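The values are calculated or read from the model by the stated rules, or taken from the named source; none is laboratory data. All values reported here derive from a predicted model rather than from experimental measurement. Neighbour counts run over all protein chains shown; Cβ positions are idealised from the backbone, glycine included.
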Number of protein chains: 2
Amino acid sequence: MASFFNRFTSYSNSSSNSNSNSHAPSAPSPPSAPETQGQEHSHATASPYHSEQNQPQPYGFNYGGVSSYGSYGFPPGTSPEVIRSFQMVDRDRSGFIDENELQQALSSGYQRFSLRTVRLLIFLFRNPIDSSRMGPNEFTALWNCLGQWRGMFERYDRDRSGRIDALEMRDALYGLGYAVPSSVLQLLISLYDDRSGQQVEFNFDSFVECGMIVKGLTEKFKEKDRNYTGSATLTYEDFMSTILPFLVSYS
Amino acid sequence: MASFFNRFTSYSNSSSNSNSNSHAPSAPSPPSAPETQGQEHSHATASPYHSEQNQPQPYGFNYGGVSSYGSYGFPPGTSPEVIRSFQMVDRDRSGFIDENELQQALSSGYQRFSLRTVRLLIFLFRNPIDSSRMGPNEFTALWNCLGQWRGMFERYDRDRSGRIDALEMRDALYGLGYAVPSSVLQLLISLYDDRSGQQVEFNFDSFVECGMIVKGLTEKFKEKDRNYTGSATLTYEDFMSTILPFLVSYS
């Protein structure tokens, strides 16, 4: 049990935006992630206005017009693809996108996620001002994280079927820094068992949902286990308050 | 915080079937519950074959043919209404009903519950042999519990609109033995906020779902806080294993 944090990512909730480009340093580089870790645009730290972007920027200071991680701007070095995806759906230029818009924006770079997964993503990458919507910072952090997860998913989806089995899911989670005990893994898998007798498989959507549940709950537990002992003491209020938000995304 | 158990029900998960007729002694009697605590049929302990039932019993020993709490029989004193509802949907006489059948069976005595709520009920009142289906014992325990909850709901639904507001929901939960801290209550309410700006209201379905989440999580916490201190120490594995089943019902 004491080893469950052994390959923990250093990535924490996106509410601490200052490290949104530096998550999971211990995880291997994804083989084919669309945009991860900002490698491709690392030179852009000197170009916070995203000059790589071909199209004119119709937005004001809210978009790319900040020299560091502003509350509403994109972080320096953000890929134009991320900005384009965000702008595509933020038609009222509010600087925030809601769950339906996020579902649409992510489709351009990844795939269409279920609304269940989208709600979980909004919750886990929530911004401190409006927890029901996502700003550029949170969107960028999410996009980069999904790039890394996509890479890990594709590493195990060897036949390119778009699906991985339960053992591959375990290995992929391990690759992302989460060593899930086997009893917990069994429970996780049972969430996706349709009782048809068929072996449980995960597409990218359910892999992300499953992994984000693990990520979110593990980070919550870590907050109560600062010394990484593998045990934590919670009050009843802590316990309930920790769990309930994870039911939010399923309403 | 130390007072959150102050009006705790003594009722525990139905897997301990031996007390399925003796739950929540501290809770007030429901004013108009369909069938609760077996009061109406308390004489039936001398008549375990449910002779009150007018129609012939097409079932073998599985139904009412046991003199005490058999594994698959109804407990002595079970209301004929409960047995009829169960039999109505258990057409193959297997002694078990699945989630769709449970949804249908409960409709006869209460109302049609969402599949979300039904899955949560099956999980919380699960039988030890097959956790995806419900036997007579579990069904009876659930039916009686819902009777009590219906009574509490109706006590607060003064205008008989079929809905109660958030404060009434809090009071109803308190009446059932759950003193939910206000921060937790806020989170609970947010689960049902459709962000339309309208005040959150609960129909009996969402009241039961909401209350059963509280009941289930609180009982899990109690298992780790045997001395009722208001705090509990959990390992990572405990923590994850406690929470994950609550996501089951939402798949």
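Look through segment A:113-140, keep the residues that are surrounded by fewer than 16 Cβ atoms within 10 Å (Cβ to Cβ) and touching a residue at least 24 places away in the same chain (Cβ under 8 Å), and return whichever of them is farthest from A:Phe207 (Cα to Cα).
A:Ile129
Please enumerate the residues belonging to segment B:193-214 that are within 12 Å of chain A (Cβ to nearest Cβ) and charged (D, E, K, R).
Correct list: B:Asp193, B:Asp194, B:Arg195, B:Glu209.
Return the residues of segment B:102-112 that are assigned to a helix (DSSP H, G or I), out of contact with any Pro (no Cβ under 7 Å at 6 or more places or on another chain) and surrounded by fewer than 21 Cβ atoms within 10 Å (Cβ to Cβ); say none if nothing qualifies.
B:Gln103, B:Gln104, B:Ser107, B:Ser108
Starting from residues that are more than 17 Å from B:Tyr236 (Cα to Cα) and among the polar types (S, T, N, Q), keep the ones in segment A:202-240 and report whichever is farthest from the chain's Cα centre (by Cα).
A:Asn203
Among residues belonging to segment B:194-214 that are out of contact with any Phe, Trp or Tyr (no Cβ under 7 Å at 6 or more places or on another chain) and of a type in the set (D, E, K, R), point out the one that is surrounded by the most Cβ atoms within 10 Å (Cβ to Cβ).
If we take residues in segment B:194-214 being out of contact with any Phe, Trp or Tyr (no Cβ under 7 Å at 6 or more places or on another chain) and of a type in the set (D, E, K, R), then B:Glu209 is surrounded by the most Cβ atoms within 10 Å (Cβ to Cβ).
Would it be correct to say that B:Ile122 is part of a helix (DSSP H, G or I), among the β-branched types (Val, Ile, Thr), in contact with a strand residue (DSSP E or B) (Cβ under 7 Å, 6 or more places away or on another chain) and at pLDDT 80 or above?
yes
Is it fair to say B:Gly175 is more than 14 Å from every other protein chain (Cβ to nearest Cβ) and modelled with pLDDT under 95?
yes
Failed condition for B:Asp159, given (1) at pLDDT 95 or above; (2) surrounded by fewer than 17 Cβ atoms within 10 Å (Cβ to Cβ), with all others met?
Only one criterion is unmet by B:Asp159, namely (1).
Just one of the numbered conditions (1) farther than 30 Å from A:Arg133 by Cβ; (2) in contact (Cβ under 8 Å) with a residue 40 or more places away in the chain; (3) out of contact with any His (no Cβ under 7 Å at 6 or more places or on another chain); (4) more than 10 Å from chain A (Cβ to nearest Cβ) is not true of B:Tyr156; which one?
(2)
Tell me which residues, restricted to segment B:219-245, are touching a residue at least 60 places away in the same chain (Cβ under 8 Å) and either within 7 Å of chain A (Cβ to nearest Cβ) or buried (at least 21 other Cβ atoms within 10 Å of the Cβ) (or both).
Answer for segment B:219-245, where residues must be touching a residue at least 60 places away in the same chain (Cβ under 8 Å) and either within 7 Å of chain A (Cβ to nearest Cβ) or buried (at least 21 other Cβ atoms within 10 Å of the Cβ) (or both): B:Gly230, B:Pro245.
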